[in-house]
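Have a look at the structure below before the remarks.
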């Protein structure tokens with residue numbers, strides 16, 4: 001039940017990362033603090049469609 005998701009920076013709205021998630025364990029949208037190369041700092045990245 002793993003699906004591909006794209007992560008988007010909350011500040012600059014660039015789509016930077018692709019990852020996998022288990023829909024059964026994480027039915028909500030993921031939020032992770034990751035490095036954004038466009039902002040050049042660590043920001044919160046959230047899941048997009």
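The values are calculated or read from the model by the stated rules, or taken from the named source; none is laboratory data. What you see is a predicted model; the values in this text were computed from it and never measured. Cβ: placed from backbone, ideal geometry, glycine included. Neighbour counts: every protein chain shown.
Quick notes on this one:
- Scanning region 12-49 for residues that are touching a residue at least 12 places away in the same chain (Cβ under 8 Å) and under 16 Å from residue 1 (Cα atoms) turns up 19, 20, 21, 22, 23, 24, 29, 30.
Conditions tested, residue by residue: (1) modelled with pLDDT of 95 or more; (2) within 11 Å of the chain's Cα centre (by Cα).
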| position | (1), (2) |
| --- | --- |
| 7 | yes, yes |
| 26 | no, no |
| 33 | yes, yes |
| 37 | yes, no |
| 40 | yes, no |
| 43 | yes, yes |
